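Q: Have a look at this one before I ask anything.
The values are calculated or read from the model by the stated rules, or taken from the named source; none is laboratory data. On a predicted model such as this, the values are computed, not experimentally measured, just so you know. So basically every Cβ, Gly included, is an ideal-geometry build from the backbone, and we count neighbours across all protein chains shown.
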Amino acid sequence: MQNKGEEFKLRFDVFEGIFDQVRNTPLAIISIAGPFRKGKSFMLNLLLHYLMEGQSSDVYKDKKAKIRNIFNWRGGVERTTVGIEITNKPIMVKDKSGKRVAVFFMDTQGMFDHKTTGKGCSAIFAMSTLLSSMQIYNLSGHIQEDHLQYLEIFTNYARYAVEQKQHANASTCPFQGLMFLLRNWEMADYDFGQKGGVEYLATVMEEHLQENVSVRQNMSNSFSDIGCTLMPHPGNNVARRKTAINNNIELSDIDEEFLDEVNKLAKYLFNQESLIVKKLDGITITGEGLIELAIEYAKILSSGEVPKVVSMLQANLKAQFIQFIRQLETEYEEFMDQQVML
Ligand code: GDP
Ligand code: MG
C-alpha cells in the first residue's frame, strides 16, 4: 500500500498470495503493536528463531547462532498495508488434537509516532487486532493509564469493524488473545514471566476510579484471554546496538535471563496446549476465510466514515501535548529557581 495521507488500503494481491498457501489450514496469527523503538521487531525475530530452529528448549543455547533479522530487513516478510508486515511463509505447528496449524507473525509500525495520523494509527492497530489470534501489546516499563486508554480507542475501532459486518455477537468477546509484554521490567516485587505478569496485571485491573473502570471493562469484554509477561532487560549489547547492525546479533550478545524468558514465552505461544487458533464467533478461520475477512475489514477501515473514537484519540493527544508543555514549563521554572538560589 502506498502511504497517501490517511488512506488505509490492503494490498489484496500480496495478502492473497500469502494466505492462499494455507487455504484450508487453521491459523495462529501473532501480532505485536505498541510504541516504536521498544523492541517489537527484535522480539518477533527471536520468536521466529524458536519456530525455525525446531521448537525445543535448546534453541537459545547455541551461543554462536545468529538471529535472522527478518523483520527489520523485510527479507521473508511482505508489507500488506501501510504499517503492517506479515511473514510470507507459514510455519507449521500442531494444536491440542494434533491438527496442523499455520503460524504467521505480524509486525506493526508507525503507531504513536508523529507522522501517523489518528485515523492511520487506529486503522493499523484495529487491523492487527481483527486479523490476529494473539495481539501482543509491547510496552516499556509498567502499564500506564494512557496505554489502556489507547488500547480502548483502538479496540473500539476494531469492534466497530466487526459490528459493521454483523459478526458481533453481544454475548461473546470478538477477539481472543491479548498479551501485555512489559519490557525492561525493574520492579522486584513481581517475578519475571507470566506468573509475575498476571499478579501485576491484577493490581492494574483493580483500579476503582470511575473514569478508569470502563477502560478495563471494555478490555475484558473484547478479549477472551488476557495475559501479561514481564521481561528483563536484554543487556547493553542489545540496547545500545543500532538497528542497522542488529543483523549480526548472536545469542551470546543477549543476556541469559532475557533468553530464558523469551523461551518461556515462545513455549506458551506455540505449545499444543496453549496455542490459540484464530476463530471468529467460535468458528475456526482458515487461510481462505482470513482473505475474505481482511478484504471486508479493509473496506470498512478505509471508508470515509470515521468513528467517533478517532476524534477522541486526537483530543487525547492534544491533552497530552498540553500536559507535556506544562511539565516543561514547570521544569524550566524549577531550574531557574535553583539557578537563582545558587
Ligand atoms: P521496534 O521499533 O519496537 O520494532 O523496535 P526494534 O525491534 O527495532 O528495536 C529498537 C532498538 O531497541 C534496537 O536497537 C534493539 O536492539 C533494542 N531493543 C530490543 N529489545 C529491547 C529491550 O527489551 N530492551 C531495550 N532496552 N532495548 C531493546
Ligand atoms: Mg519494528
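Q: Enumerate the pairs (first residue in the range 55-70 and buried (at least 19 other Cβ atoms within 10 Å of the Cβ); second residue anywhere and assigned to a loop (DSSP other than H, G, I, E, B) and aliphatic (A, V, I, L, M)) with beta-carbon separation below 7 Å, excluding pairs fewer than 6 apart on the same chain, so at least 6 apart or on different chains.
A: Ile67/Ile249
Q: Checking the condition under 22 Å from Ser128 (Cα atoms), at pLDDT below 90 and either of a type in the set (A, V, I, L, M, F, W, C) or surrounded by fewer than 20 Cβ atoms within 10 Å (Cβ to Cβ) (or both), which residue from Glu296, Glu288 passes?
A: None of the other options fit; the residue is Glu296.
Q: Quickly run through the range 22-40 and pick out the residues that are part of a loop (DSSP other than H, G, I, E, B), more than 16 Å from ligand 2 (Cβ to nearest atom) and either among the hydrophobic types (A, V, I, L, M, F, W, C) or over 24 Å from Asn271 (Cβ atoms) (or both).
A: Once the filter is applied, which keeps residues that are part of a loop (DSSP other than H, G, I, E, B), more than 16 Å from ligand 2 (Cβ to nearest atom) and either among the hydrophobic types (A, V, I, L, M, F, W, C) or over 24 Å from Asn271 (Cβ atoms) (or both), the range 22-40 yields only Arg23.
Q: With the checklist (1) more than 14 Å from Thr87 (Cα to Cα); (2) within 16 Å of ligand 2 (Cβ to nearest atom) in hand, flag the one item Gly54 doesn't pass.
A: Going through (1) more than 14 Å from Thr87 (Cα to Cα); (2) within 16 Å of ligand 2 (Cβ to nearest atom) one by one, Gly54 breaks only (2).
Q: For the range 49-103, name all the residues that are part of a strand (DSSP E or B), under 26 Å from Arg241 (Cβ atoms) and either of a type in the set (Lys, Arg) or not assigned by TED's automatic domain parsing to the domain that holds Phe19 (or both).
A: Lys66, Arg79
Q: Still on this structure, I have one more. Sort out which residues of the range 119-165 are buried (at least 23 other Cβ atoms within 10 Å of the Cβ) and in a loop (DSSP other than H, G, I, E, B), and write them in order of number.
A: The answer is Ser132, Ser133.
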